[in-house]
Amino acid sequence: MYEHTYIYTYIYTYVHTYVRTYVRTYIHSHIRTYIHTYVHTYVRTYIHSYIRTYIHTYIHTYLRTYIHTYLRTYIHTYVHTYIPTYVHTYLRTYIHTYIPTYIHTYIPTYIHTYVRTYIHTYVRTYIHTYVHTYIHTYIHTVTIKEIDTPEESTISAYTDGSKSEEGVGAGVVIYYGSNTIASLKVKLGYRCSNNQAELLAIYKALEIINSLNKDRFNPQTAVIYTDSRVAIDSLHNINNHSYLAEETRKMIANLDRREWKIKFSWVKAHASIRGNETADRIAKEAARNTDMKCDFNKIPKSTIYREAEEEAMQKWQRDWATSQNAAATRQYFPTIQHRARSKIKLTPKMTAVLTGHGMTKAYLQRFHLIEEATCSCGDEYQSMDHLLFHCPNLSTQQEAFQQHIGTWPVSKEDFASKHQKGFSDFVNAIDFDDIQQTDQQT
Ligand SMILES: [Zn+2]
């Protein structure tokens, strides 16, 4: 029993202790060490090495390959295939389809629409406006209606102009029935003409009528009374393009468009017609009044021409009177007015006759071109007077001229004024060359 107990105790204790200690120590230590070492080393090595390698290899190789290959292929394909195809297709489609469509559809449509719109609208408007306005203004107004005897009208306008030493003025008085509804006094520049004053009065009367509220006047009829025949005639005369005539015609056309019926009537001046007397008085007041502001100062062309001509004539007259060389000419034209009135055509022969310069042997001798001035008839001095009045070699021409005139003798002044035609014929019938050459032959 003891032995049994002992062995049991020993085994139990020993085995227990040993195994436990050993196994524990060994296994724990060894396995731990092993696992630790192995796992650590292996995993580290493996994972680090493998994964690194893998990633390296994979990424490097794969991506490189992939990217290089794929992208290259893709880009290549895309660029080479897609783009040309696209561009080809697109451009073809675009060019073939769009442009013809554009050309065939858009342009004709555009042109059609544009031209239609342009021509229809613009041209129509232009023609309408221009032609209408123009015709209305210039052709319509040519038919200025004139009445011989005063007739009933809603409005009666009396106009008058006045020009005197004191100045130029225009007067207007307008009646509605027998009531004065307007009167106007206008001052013109002192160089303006009487006809301008008459026309300005008419224009102002029309302007006042145009400013009236037409709905208040029924029927819209007006008669313009003037004592100036010249004013009415200058409105009638389509060749008269003076400023006031044109403006007055335009105003008449304007009134016509506004359905005013305008007529003109000439009245005798100073015949105790109430309206005419009033207009005359107003015009004279305007002409006389030096304080009034000048409303109109367009000088007529005729005045400018006349003034220029008068000035030129005065200068010419001064030169004429003092000239030493015009003695021969003054016998034919004592003053510049005589010369200006003359219609004698200046041929070389006529110029020689009128000035005494040229065409005679006396003239040539005077300038030492020849020594002797002997005429072919034997007279020793061939002057212009000798040829015109005394030379027997020209007796045919002299007699024809004297017969033409009838009474003889007459002055050179009369040749150039009363007998211009006969005198010209006479002078032009003289062969001045021949009468010199005859002399040289003898
Ligand atoms: Zn002679």
How many residues are within 13 Å of the ligand (Cβ to nearest atom) and touching a Gly at 6+ places or on another chain (Cβ under 7 Å) if we restrict to region 354-406? 1
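May I ask you to say which residue of ASP256, ASP227 is crowded, with 19+ Cβ neighbours inside 10 Å and in contact with a strand residue (DSSP E or B) (Cβ under 8 Å, 6 or more places away or on another chain)? Can you show your working first?
Numbers: ASP256 fails: crowded, with 19+ Cβ neighbours inside 10 Å.
The unique qualifying residue is ASP227.
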What helices (runs of 4 or more DSSP H) lie completely within region 273-378 and have 1 or more residues being outside the structural domain of ILE202 (by TED's automatic domain parsing)? 301-322, 327-332, 336-341, 348-355, 361-366
Pairing a residue in region 208-220 that is buried (at least 18 other Cβ atoms within 10 Å of the Cβ) with any residue that is among the charged types (D, E, K, R), where Cβ atoms lie under 9 Å and the two sit 6 or more apart in sequence or on different chains, gives GLN220/LYS214; GLN220/ARG258; GLN220/GLU259; GLN220/LYS261
Taking LYS343, is it among the charged types (D, E, K, R) and under 14 Å from ASP431 (Cβ atoms)? no
Number of the condition not met by ALA362 [criteria: (1) at pLDDT 90 or above; (2) of a type in the set (A, V, I, L, M, F, W, C); (3) under 60 Å from the mean Cα position of the chain (by Cα)]: (3)
So GLN436 fits all but one of (1) under 25 Å from HIS338 (Cβ atoms); (2) within 15 Å of the ligand (Cβ to nearest atom); what number is the exception? (1)
Return only the number of the condition from (1) within 27 Å of ALA312 (Cβ to Cβ); (2) at pLDDT below 90; (3) outside any loop (DSSP other than H, G, I, E, B) that ALA416 does not satisfy. (2)
Close pairs from region 373-389: first farther than 15 Å from GLY358 by Cα, partner more than 10 Å from the ligand (Cβ to nearest atom) and outside any loop (DSSP other than H, G, I, E, B), Cβ under 8 Å, at least 6 apart: SER376/GLN436; PHE389/GLN398
Among all residue pairs at least 6 apart or on different chains, which show Cβ distances below 6 Å where the first residue, located in region 320-341, is within 16 Å of LYS418 (Cα to Cα) and the second is basic (Lys, Arg) and modelled with pLDDT of 85 or more? GLN331/LYS412; TYR332/LYS412
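Name the helices (runs of 4 or more DSSP H) wholly inside region 40-104 in which the number of residues that are modelled with pLDDT of 75 or more is 3 or more. Spell out the reasoning first.
Working: elements: 52-55, 72-77, 83-92.
Once the helices (runs of 4 or more DSSP H) in region 40-104 are filtered for at least 3 residues that are modelled with pLDDT of 75 or more, what remains is 52-55, 72-77.
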Qualifying position, being in the same structural domain as ASP256 (by TED's automatic domain parsing), out of contact with any strand residue (DSSP E or B) (no Cβ under 8 Å at 6 or more places or on another chain) and not hydroxyl-bearing (Ser, Thr, Tyr), among GLY189, GLY161, GLY177: GLY177
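The values are calculated or read from the model by the stated rules, or taken from the named source; none is laboratory data. Keep in mind the model is a prediction, meaning the values are calculated, not measured. With ideal geometry, Cβ positions are generated from the backbone for all residues, glycine too; neighbour counts draw on all protein chains shown.
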